Structure formats: C-alpha cells, structure tokens
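Structure first, then comments.
The values are calculated or read from the model by the stated rules, or taken from the named source; none is laboratory data. Bear in mind the structure is a predicted one, so any value in this text is a computation, not a measurement. Positions of Cβ are backbone-derived with ideal geometry, glycine not excepted, and every protein chain shown enters the neighbour counts.
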Amino acid sequence: MTIAEVLLFDYDHEMRSTRTLLERVPANEASYTCHPKSMPLGKLAMHVATLPGFALGILTTPEMDLATFQFPDMTYTTQEHMLETFDQLAAKARQTLVEADDASLMTIWTIRFGERVIARAPRAALYRTMFLNHLIHHRAQLSVYLRLNDIPVPGLYGPSADEPFQP
C-alpha cells in the first residue's frame, strides 16, 4: 500500500464529514460570532471550505511563505458558492493525492513566515498536521457555532446529541 492510499482513507472520510457540516451553515447567520476574538460564522465556514487548497499547496509546491502567500477570499456570499468552492478544491486535492507517489510525499516541504521557518518535514507529515489536523480543528469550531445557533450538529465520528445511533 502506498502512502497516498493510506492518506486517502482519512481524506475521503474527512471531506464527506466536512461537506455535511458545511451544508448546515445557515446563510442568515453568516455574521454571527460567539466571541469578539472569534471569526464570524461565514468567514469560518469559507476558511473550512477553502482548506483543501492548502493541501494542494503542500502536495505541489516546494514551500509556502505566509508573508507573501495570497490567501483565498474567505468572504461568505451564499451557501451554494461555499459548497461549490469546497467541492472543486476537495476534488482537485484528492486527484493530486491519488497521483502522488511515495517519493514525492517524502520530499521535504517548508512553511515559513519570511525568514522564520514554522515547519520543515516530509510532505506526508505536514499534509497530516498542517492541513488535515488544521481542517479538523476549524471544523470543530464550526460545530460549536452550529450548536450555539441551535442547528443540529452532525455525528462526524459517531453519534452526536442531534444524531444518535439508531437501534
């Protein structure tokens, strides 16, 4: 089994879960924030929707410099636009992962802010930590926003209070 095949197990599950969660983001609450230091719900949802683009960067570039990186637009306009953005990026990232060989995934990748190196490790490792764990972190935040707005939270890894196991 290749490294990419192993990574695809997680990828496919996490993308399905992410889309399920994004489908529940209410357009009428896009400006909602649970704390002054927190992102508005719509911006957080767009951040989650655009994160597969980060996986593409890890898989296809030698490094990323956050001091000069052009971040994607995270303006929430409509649920349709958000889901379309996610679907396109997720499909492209999946195809790139499918095509990745072990040598490419073991190539050292660097993320930096100017001269400050944030992380430097094999692509496969930074794909898991910098992309996949990052996605799961923000998806968890999004789940809290849904809960605070009385929107049913999907069971992403099993049952939730809103979607218990059925006997």
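None of Leu59, Leu51, Leu89 is touching a Gly at 6+ places or on another chain (Cβ under 8 Å) and of a type outside the set (Val, Ile, Thr) except Leu89.
Considering the conditions (1) farther than 27 Å from Thr33 by Cα; (2) modelled with pLDDT under 95, Gly114 is excluded by exactly one of them, (2). Please verify whether Pro152 is in contact with a Leu (Cβ under 9 Å, 6 or more places away or on another chain) and surrounded by fewer than 17 Cβ atoms within 10 Å (Cβ to Cβ), treating the condition exactly as stated. So Pro152 passes the test. Does the stretch 82-91 include one or more residues that are of a type in the set (D, E, K, R), closer than 30 Å to Pro122 by Cα and surrounded by 15 or more Cβ atoms within 10 Å (Cβ to Cβ)? Among the residues of the stretch 82-91, at least one is of a type in the set (D, E, K, R), closer than 30 Å to Pro122 by Cα and surrounded by 15 or more Cβ atoms within 10 Å (Cβ to Cβ), which makes the answer yes. Set side by side, the residues Met74, Met130, Met64, Met82 differ, and just one is outside any helix (DSSP H, G or I), closer than 30 Å to Pro26 by Cβ and among the aliphatic types (A, V, I, L, M), which is Met74. Counting only residues that are in a helix (DSSP H, G or I) and of a type in the set (D, E, K, R), the stretch 20-37 holds 1 of them.
Of the listed requirements (1) touching a residue at least 12 places away in the same chain (Cβ under 8 Å); (2) over 16 Å from the mean Cα position of the chain (by Cα); (3) surrounded by fewer than 17 Cβ atoms within 10 Å (Cβ to Cβ), Leu146 misses just one: (3).
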